[in-house]
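Enquirer: Got a structure here, written out as structure tokens. Questions coming.
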Amino acid sequence: MPRVKIVISPLITPTGEEAELEVSATTLKSALEGLTEVYGKSFRRRIFHKDGELACIVFLNGANVWSAEQLDAHLKGNDRITLIVGSGGG
């Protein structure tokens, strides 16, 4: 199973500090779900909405992940996942 690096924005982590960790996962979705093992089930709400859609902005190797179908992307060793908080204004 590939080991991938995940970088998490300080606004998403429970500690309020940027986190960088490695997880073993075969798909992007399983990597994100693996974070709940590290941070607990309440952390899942920071990543996914109740309907399973993404609650944060996710990049895989610098490319924005827009759709739920992209969560099924197969990972390779040394892939990099970045999670940030979306912001809007007007």
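Please treat every number below as a calculation from the coordinates, not as lab data. Bear in mind that the values here come from a model prediction, so they are computed numbers and not experimental data. Every residue, glycine among them, receives a Cβ derived from its backbone with ideal geometry; neighbour counts consider all protein chains shown.
Enquirer: Determine, for Ile47, Ile84, the number of other Cβ atoms within 10 Å of each Cβ, and report the residues in order from fewest to most.
Expert: Result, fewest neighbours first: Ile84, Ile47.
Enquirer: Select from the chain those trypsin sites (Lys or Arg not before Pro) which occupy a DSSP coil region and have at most 11 other Cβ atoms within 10 Å, ordered by residue number.
Expert: Hits after loop and neighbour filter: Lys50, Lys76.
Enquirer: Then there is this: Which whole-Hz couplings ³J(HN,Hα) result when phi for each residue of the range 77-85 is put into the Karplus expression 6.51 cos²θ - 1.76 cosθ + 1.60, θ = phi - 60°, listed in order with x for Gly and Pro?
Expert: So the J values, rounded to whole Hz, are x, 6, 5, 10, 10, 10, 10, 9, 8.
Enquirer: Normalized C-alpha radius of gyration of the chain, against 2.2 N^0.38 Å?
Expert: So the Cα radius of gyration is 1.01 times the expected 2.2 N^0.38 Å.
Enquirer: Around Pro10, under 15 Å between beta carbons, what's the net of Lys plus Arg minus Asp minus Glu among the other residues?
Expert: -2
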